[in-house]
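Heads up, the thing below is written out as structure tokens.
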Amino acid sequence: MTMSTIITPKISEKEMKDICHPLQEKYGISFCNFARLYDDGSAYYMSTNQALIAHLFKNEYKMFVPVPKNLLKQKIYYLIPETGKYQAAMHDARHYFNVAHAFDIFECGDGYVDAYCFGSTPDNEKINNFYINNIDVLENFYKDFRDKSDKQNLIHNKIQLSESMQLNFNSKLVSKLNNQDPMLQIMKHITKREKEVLSQLCRGRSAREIADHLGLSRRTVEHYLETIKQKMQVKSKSILIDLVIDYFN
């Protein structure tokens, strides 16, 4: 077996799509990927879009490898940015495979990490708000999927990640995602509507544009922004944007 070569799992792409169909039908989640990442750098992959996964492997784009056990104390939730280390992979996923807005859940096992990736179409900008506010829906899905996979022995063929594809979590990021970071504690107190406003602000939209997009008055949007600034202890919208973008990237 050569490095960066995908081995077809027992479960086919069509079967994977059938399993994930309820997520697409109810919530617009059109892409699902499961990976079991072992400490030695090997992995299993199952996906609703094998062509995308094959493309990522062919180009040896950076991908996640397990987090050290002393850092991963609980599940990690990660909204993948489309800039920085992931820009090339996310660009190709968006433009060649119609997949964007990726959200990952990582859970530590004995000698491995299970990684569940969800995605949607590029035009479905509201899906990020869905991820943040419906973690329980995604968790219930992947628990059911994992139980069925283990019971039916669907996971059996390993692939080996080349060194260039491996990307370790750094301790700073893991500490944030393990609820050890003050910023994350603050984000817990941001309401669903405030997150929607904040998300639009970070996309470069003005208060008027946010108001039109969310069906609110400009005055209401400005009120939300003032409340968010108070909660996050900043004095301007520009600082607020910089703080959020820096944190999640």
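Odds and ends about this structure:
- Checking the cross-link pairs Lys17/Lys75; Lys195/Lys237; Lys85/Lys235; Lys192/Lys229; Lys14/Lys58 against a 20 Å limit on the alpha carbon distance flags Lys17/Lys75; Lys85/Lys235; Lys14/Lys58 as lying beyond it.
- The protection proxy used here, the mean number of other Cβ atoms lying within 10 Å of each residue, ranks peptides 107-117, 18-28 as follows, highest first: 107-117, 18-28.
FYI, it's all coordinate maths here, none of it is from the lab. The structure displayed is predicted, hence computed values, not measured ones. Cβ atoms come from the backbone with ideal geometry, glycine included; neighbour counts cover every protein chain shown.
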